[in-house]
Amino acid sequence: MPRAPEPDPPGIPELPAGLVGLASPRPGIAYRVLRRLWRLAALALGFRIRVSGLENLPRDPSGRLTGGYVLAGIPHRTWIDPFLPWGWLPAEPRLAFFGDARTMARSPLRRWVVRRVGGVLPIPSHGGPRAFATHLEGAGECLRSGMSFCLFPEYGPPSPVEASRPVAAGLGYAALRSGAPIVPVVIGGNHELYWGRRIVVRVLPPLDPFALAGLAPGAPPPAPGSREERAAAHAVAEGFRAATAGAVDGAWRAAEPPPGTKKRLTRLTRLFR
């Protein structure tokens, strides 16, 4: 789960904590339109996005896609990362995201888009236990409604391009308290963006958070706020990182251009910083 950023000077707007919009797995018109516009924009920027593993997304007995799972993206490198699952995974069940409360409120246009599309949980600059509980409850509300909850759980300084950073225990808390499986989405080629960039997006099979935590099958979840829950959440985070390590390296290698490739418009890497 993202850690709250450092507070900004007074007067900078930000959205309050809590889910923006309705918790519904069905995408609205604004969601679908903006999603289509983003795909067109990515095409105009020359990105070549290759998606695999869609067969690993959870389905009901009839084969229909279902929600109620945590979609965990790794590694998180640049601004494009959340737009990849949003734009290239199926539109339904719709995704909900964590987002920086200041970034989303930076302009009237951004505030309008966020409120129009919904499905966002702002992370305010002032954190604390109460805000953390609000984030978890918002994520649980989305999962119970049948949405898919997407987060990028890494933290810390940059890592080598073939490896991920440490994974925050918030991923474990969200999955254990909701009982939701974790579906890893591994991205390669997102560390450096330029015209014609090949980006690899791979959906891996779901992971059982209770198994990652070392809990016995059928065992009840640890009590919220307990020492046992804290240990289990950290075990989930470490297990997730270990389970995706090989795929992270493989996706990076699959996305790398041949030696000597001329890279044009590399400033796209910092387009929205």
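Values for this structure:
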item: Residue identified as under 17 Å from the mean Cα position of the chain (by Cα) and assigned to a strand (DSSP E or B) among G73, G138; result: G73
item: Any hit, region 230-249, residues being modelled with pLDDT of 95 or more, part of a loop (DSSP other than H, G, I, E, B) and either within 18 Å of L151 (Cβ to Cβ) or not hydrophobic (A, V, I, L, M, F, W, C) (or both); result: no
item: Single condition P222 does not satisfy, out of (1) within 23 Å of E137 (Cα to Cα); (2) part of a helix (DSSP H, G or I); (3) in contact (Cβ under 8 Å) with a residue 40 or more places away in the chain; (4) not small (G, A, S); result: (2)
item: Some residue of region 197-204 being assigned to a loop (DSSP other than H, G, I, E, B), charged (D, E, K, R) and buried (at least 22 other Cβ atoms within 10 Å of the Cβ); result: yes
item: Residue match in region 146-156 (condition: under 20 Å from P27 (Cβ atoms), small (G, A, S) and within 16 Å of the chain's Cα centre (by Cα)); result: yes
item: Condition broken by W79, with the remaining ones in (1) within 20 Å of the chain's Cα centre (by Cα); (2) at pLDDT 95 or above satisfied; result: (2)
item: Residue that is within 20 Å of the chain's Cα centre (by Cα) and either of a type in the set (D, E) or exposed (fewer than 14 other Cβ atoms within 10 Å of the Cβ) (or both), where the choices are G246, G260, G250; result: G246
item: Residue that is surrounded by the most Cβ atoms within 10 Å (Cβ to Cβ) [pool: residues in region 109-135 that are touching a helix residue (DSSP H, G or I) at 6+ places or on another chain (Cβ under 7 Å) and part of a loop (DSSP other than H, G, I, E, B)]; result: P124
item: Out of A231, A243, sole residue that is closer than 27 Å to L171 by Cα and in contact (Cβ under 8 Å) with a residue 40 or more places away in the chain; result: A243
item: Region 12-38 residues that are within 18 Å of F83 (Cβ to Cβ), paired with ones that are aromatic (F, W, Y) (beta carbon under 8 Å, 6 or more apart); result: R35/W86; W38/F83; W38/W86
item: Number of positions in region 25-57 that are surrounded by fewer than 17 Cβ atoms within 10 Å (Cβ to Cβ), modelled with pLDDT under 95 and among the hydroxyl-bearing types (S, T, Y); result: 0
item: Residue match in region 163-171 (condition: among the charged types (D, E, K, R) and over 25 Å from G87 (Cβ atoms)); result: no
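Residue by residue, here is whether (1) within 30 Å of A245 (Cα to Cα); (2) touching a strand residue (DSSP E or B) at 6+ places or on another chain (Cβ under 9 Å) holds:
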| site | (1), (2) |
| --- | --- |
| V70 | yes, yes |
| I74 | yes, yes |
| W88 | yes, yes |
| F97 | yes, yes |
| A105 | no, yes |
| P108 | no, no |
| R111 | no, no |
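The values are calculated or read from the model by the stated rules, or taken from the named source; none is laboratory data. All of these numbers come straight from a predicted model, not from anything done at the bench. Cβ: placed from backbone, ideal geometry, glycine included. Neighbour counts: every protein chain shown.
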